[in-house]
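The values are calculated or read from the model by the stated rules, or taken from the named source; none is laboratory data. The structure presented is a predicted model; accordingly, all values stated were derived computationally and were not measured. Note that each Cβ is placed from the backbone with ideal geometry, even for glycine, and that neighbours are counted across all protein chains shown.
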Amino acid sequence: MADKILEIKNLKKHFSTGFSLNIDYLYVYESTIFTLIGSNGSGKSTLIYLINMLIPADSGSIVFDGQEILDKKNINQKEVRGKMAVVFQEPILFNTSVYSNLLLGLKLRKIRLEDYKDDLDFLIDTLKLKNLLTRSSKTLSGGEQQKVCLARAILLNPKILLLDEPLANIDQETREEFREVFFEILKQKKITTFYITHDRNEAMIISDFVGVMENGILQQTGSREEVFRRPVNERVAKLVGIETLISGVVASASDGVVKVRVNDNTYIYAVGESINGKKVMVSIRPEDVIIIGSDAETASLSTLNIFRGRISEIKNTGLFMKLEIDCGFPLAAYITNASINRLGLRIDREIFAAVKASAIHIF
Amino acid sequence: MGLIFEGIKEAFTLIFSGDKVILGILFLTIRVSGIATIISMMLGIPLGFVVGLNNFHGKRILTSFINTGMGLPPVAAGLFIALLFWRSGPFGFLGMMYTPTVMIIAQVVIASPIIAGITLSAVGQINPKLKLQAISLGANRIQMSWLIFKEAKLPALSAIMAGFGGIISEVGAVMIVGGNIKGSTRVLTTAAVQMVRMGDFSSAIALVIILLVLVFAINFVLTLIQQKEKEKWQIKYWK
C-alpha cells in the first residue's frame, strides 16, 4: 500500500450556527481516489475548506505530505496550498477568456507554461476544450465551465485534488460521459483525489476508498467494498444504499455462519462471527438479491437464503427496476426491465428471492 | 413659449460664437469636477473595495456611514467645508475659501461616498467563492484583491459615472464654498442660477444646454468603455 498523503486526527470545527464537525481519524493514500459521501449539511464541504486552509480549525491535526498544516506558525500556507487544487460545486471562473482561466493557477504559482505545455495540450484534447479557448468564460454552459475548472485544477498537477461535488450541476448524460473521461485522466496521472459526492453509485464506480459523513461526524471509512458491503451502523447502511435492514436475534453462530431469526418463522444466514442471543441488524444490498420465478428452480441453488414472498411494489429507478418483496420482512431487489418481462413479474405475484450468505452483513 | 425659443436661439449663438466667458466657465467646471472625480475615484473605489471584500469589526457601522454619505445633501457638505475653511475655522489660515481648490474638496466630500457605496455594493454581489478560488489557486492577498477588482471593474465604472453626475450637477456646495465669483469660481451650475436670478434666461438656457451636453459626452465615453469591455471577448482571438 502506498504512503498516506493526508492524515486527519481529532479535527474539530464549531460554527456559530451550532453545527460542529468532528473527525476522529481519516486518511488518504497516495494516488488513490477517496470519496466522501453523506447527506446535505453533513460537513463534507467544510472538511475540504479545512484541508485547503480556507477556514481555520478549532483543534486537531491535519498532516499533509508529511507536514502538520494546522500549525500556522511553522508552515507557509501558500506553499502548502501550492501542492493542492480545489474545484468547488459551482464552476468558479474569472471574467476573462477560457485560455486565461486555464493558465491562471500556473501563473499565480509562478510555474512556467513551457514545463506544462504537453499537459495543457493533453487536457485541451482529452476534454475537448479547443473550441472554447478564445471564448469568454461567462459565455460557456455550466458543464463547459466546470470542465474548464477541472482542467485548470489537473493542470497544476497537485499532490491532492480536492473536489467538492464538481459534477453535481451537470446534466445526467454529460455527467456520465464526462465522469468516465475525467476519472480516467486522474488514474492515468495518479493524482490523489479527495472527492465529495451525493451520488453513492458514482462513489461505487470511481472510489478506491470511501468515507461516510453524517451530522459532522465521520461514521465510517474504509475500502469501497468494506463500506458498501459492511456498514458499521444503520445510518451508514442507508447512506450507502442498503435498502433492506432487518433487526433480528442471533439464533446460532458456528463455522463462520451466523443464523439470525428475523421473525417467528424466518431465519437469515450470514457469513461472519457473532454470539447467540445478540440483537443484530441484517443488511442486504438490493443488487445482491436474485429473483427466481418458480419453486422448482430453487432446488439447484447452493445459497442458504431462499425466501418465498409476494411482490408488493415495482418501481422504475432509472437504470434498474426495484422490486419490493414481502417475505415476512420487506426485501428490496434490483432487476432489469428485461428480466421483469421474461419472468412475467407483476404486483402480488409470488416469487422466490435468493441471497448468498456471504453477501449478507450483520452488525 | 417665445421666451424659450428665444432662449434656445441665444444659447446656440453663445455656444458657437465661442464666448470667452462661457468657455471660461465651461473649462473651470470640467477642471473642478474632473479633478474632484479623479480624487473621489482614488478614495472611493479602494474604500468600497476594502470594506466590501473584508470582514472586520465595525464593518456594518462603516457601511452605514458610506450609505449615509451617498445621500449627503450638497448644501450640508458645502456648509461643513465652509466651516472648516472659513477665515476663523481650523483651516482658515490656508486662505482657500472661495477658491477652486476648496470647491474640489467639497465635491470630493460629495462624490467619494457615492463611488465607495456603489463599489461596495458591486463587490458584495461578487460570488464570495471567487475569493476562495483565487486563494486556492495560489494567489496572495494582493493578487486575490486584483482578481476580484477586475471582476468588479464594470460596476466600478458605473460608480464613477454616478459620482461625476452627482458633482457636476450640484449647485449648493460650490455656491457656498466657491462664492460664484465671476472669472474665478463661477461654474456652469452656479452661473445658471445667477442668470436666472438676473432674468437672463437665454444665458441660463445656454449654460444648462452646455452642462447637459458635457454630462452626456462624459457618460457616453464611459458607457463606450463599459460596452467595449463586455464585447472584448468576441473580437479577441487566441493564436
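Take the conditions (1) farther than 30 Å from A:Ala338 by Cβ; (2) part of a strand (DSSP E or B); (3) among the hydroxyl-bearing types (Ser, Thr, Tyr); A:Ser274 misses just one of them, which is (2).
Applying the set (1) farther than 21 Å from B:Trp146 by Cβ; (2) away from chain B (no Cβ under 13 Å) to A:Leu133 leaves exactly one unmet item: (2). Consider the stretch A:74-90 and keep the residues that are at the interface with another protein chain (Cβ under 7 Å from one of its Cβ atoms) and assigned to a helix (DSSP H, G or I). The one that is modelled with the highest pLDDT is A:Arg81. Within the stretch A:121-155, being surrounded by fewer than 16 Cβ atoms within 10 Å (Cβ to Cβ) and charged (D, E, K, R) holds for A:Asp121, A:Asp125, A:Lys128, A:Lys130, A:Lys138. You will find that of A:Ser294, A:Ser300, the residue that is among the small types (Gly, Ala, Ser) and without any contact (Cβ under 8 Å) to a residue 40 or more places away in the chain is A:Ser300 and no other. Among the conditions (1) surrounded by 14 or more Cβ atoms within 10 Å (Cβ to Cβ); (2) in contact with a helix residue (DSSP H, G or I) (Cβ under 9 Å, 6 or more places away or on another chain), the only one that B:Leu83 does not satisfy is (2). For the stretch A:15-44, the tally of residues that are in contact with an Asp or Glu (Cβ under 6 Å, 6 or more places away or on another chain) and either at pLDDT 95 or above or farther than 22 Å from B:Leu132 by Cβ (or both) stands at 4.
Flag not set for A:Val212, criterion: part of a loop (DSSP other than H, G, I, E, B), at pLDDT 90 or above, not assigned by TED's automatic domain parsing to the domain that holds A:Leu304 and not hydroxyl-bearing (Ser, Thr, Tyr). What is the number of the single condition among (1) touching a residue at least 12 places away in the same chain (Cβ under 8 Å); (2) closer than 25 Å to B:Leu72 by Cα that B:Leu83 does not meet? Unmet for B:Leu83, out of (1) touching a residue at least 12 places away in the same chain (Cβ under 8 Å); (2) closer than 25 Å to B:Leu72 by Cα: (1). The single condition among (1) crowded, with 21+ Cβ neighbours inside 10 Å; (2) more than 14 Å from chain A (Cβ to nearest Cβ); (3) over 30 Å from B:Gly179 (Cα atoms) that B:Ala134 does not meet is (2). I'm trying to understand the selection: among the residues of the stretch A:41-73, which are at the interface with chain B (Cβ under 9 Å from one of its Cβ atoms) and in a helix (DSSP H, G or I)? Of everything in the stretch A:41-73, just one residue is at the interface with chain B (Cβ under 9 Å from one of its Cβ atoms) and in a helix (DSSP H, G or I), namely A:Tyr49.
Among the residues making up the stretch A:129-166, those that are within 27 Å of the chain's Cα centre (by Cα) and modelled with pLDDT under 90 are A:Ser141, A:Gly142, A:Gly143. From the list A:Leu54, A:Leu50, A:Leu103, A:Leu113, the one residue that fits, being assigned by TED's automatic domain parsing to the domain that holds A:Thr192, buried (at least 21 other Cβ atoms within 10 Å of the Cβ) and either without any contact (Cβ under 8 Å) to a residue 60 or more places away in the chain or more than 22 Å from A:Phe15 (Cβ to Cβ) (or both), is A:Leu50. The listed residues are B:Phe164, B:Phe201, and the only one of them that is among the aromatic types (Phe, Trp, Tyr) and in contact with a Ser or Thr (Cβ under 8 Å, 6 or more places away or on another chain) turns out to be B:Phe164.
All conditions in (1) of a type in the set (Val, Ile, Thr); (2) in a helix (DSSP H, G or I); (3) touching an Asp or Glu at 6+ places or on another chain (Cβ under 9 Å) hold for B:Ile126, with the sole exception of (2).
Listed here are the helices (runs of 4 or more DSSP H) enclosed by the stretch B:129-238 that have at least 1 residues being under 30 Å from A:Gln89 (Cα atoms): B:141-151, B:153-168, B:201-235.
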